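> Take a look at the following structure, please.
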Amino acid sequence: MDTKVASELMQVLAGMRRVVRRRLAASRPPRLPSAQVDLLIAVEEEPGIGIAAAARVLHLADNSVSGLVNVLVDAGLLTRETDPADRRAARLFLTGAARERLAGWRDARAELVGRALERLDETDRETVAAALPALRRLLDEMRQEEGAA
């Protein structure tokens with residue numbers, strides 16, 4: 001196992017996330033905390049997900065997710081509907097405002113990173129592009145390991 005490569009990869013990815021967050025914070029609506037964004041993405045990936053299932057996906061306590069849901073419902077980014085199969089449970093859905101916000105965030109992030117990629121020489125751009133399939137497989141491996149834990 002090459003811990004030096006793993007450590008450097010995480011350092012680079014974390015640095016890129018910080019730069020993107022800082023650069024976009026000035027031009028976007030008030031930034032949502034990462035836990036709220038993670039919940040929105042979980043709901044986007046599985047519309048109608050329940051609070052308990054979202055808590056498992058996010059590795060958070062049910063009451064923590066319930067608090068996030070309340071904040072996002074109040075902000076107009078999530079809707080909570082009663083589950084017809086279990087009247088005590090709620091199903092979560094994105095609002096149009098949440099979909100627009102996530103799409104805008106993704107577009108702005110892609111534009112920012114794309115501009116930086118354009119400034120790299122062609123060899124570096126090709127190297128980054130060639131690394132993407134391996135990085136996706138690495139993510140899949142990490143997700144499988146996470147599910148087994």
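The values are calculated or read from the model by the stated rules, or taken from the named source; none is laboratory data. Keep in mind the model is a prediction, meaning the values are calculated, not measured. As a convention, Cβ positions derive from the backbone with ideal geometry for all residues, glycine included, and neighbour counts pool all protein chains shown.
> If I ask for residues that are charged (D, E, K, R) and either touching a His at 6+ places or on another chain (Cβ under 8 Å) or in contact (Cβ under 8 Å) with a residue 40 or more places away in the chain (or both), which ones from the range 35-92 would you list?
Selection gives GLU44, ARG91.
> Also: Hey, among the residues in the range 88-110 that are closer than 18 Å to GLY50 by Cβ and among the small types (Gly, Ala, Ser), which one's nearest to the chain's Cα centre (by Cα)?
My answer is ALA98.
> Still on this structure, please answer the following. If you check THR79 against the conditions, is it under 27 Å from VAL5 (Cβ atoms) and hydroxyl-bearing (Ser, Thr, Tyr)?
In short, no.
> Mind telling me which of the residues VAL19, VAL12, VAL73, VAL57 ends up being in contact with a helix residue (DSSP H, G or I) (Cβ under 7 Å, 6 or more places away or on another chain) and β-branched (Val, Ile, Thr)?
Of the residues listed, the single one that is in contact with a helix residue (DSSP H, G or I) (Cβ under 7 Å, 6 or more places away or on another chain) and β-branched (Val, Ile, Thr) is VAL57.
> Here's something else I'd like to know. Looking at THR123, THR95 in this structure, which one is touching a strand residue (DSSP E or B) at 6+ places or on another chain (Cβ under 8 Å) and not aliphatic (A, V, I, L, M)?
Within the list THR123, THR95, the selection yields THR95.
> Moving on. List, please: which pairs have Cβ atoms under 9 Å, are six or more places apart or on different chains, and start with a residue in the range 104-129 that is under 15 Å from LEU13 (Cα atoms) and modelled with pLDDT of 95 or more and end with one that is assigned to a helix (DSSP H, G or I) and basic (Lys, Arg)?
Going by the 9 Å Cβ cut-off, the qualifying pairs are LEU117/ARG125.
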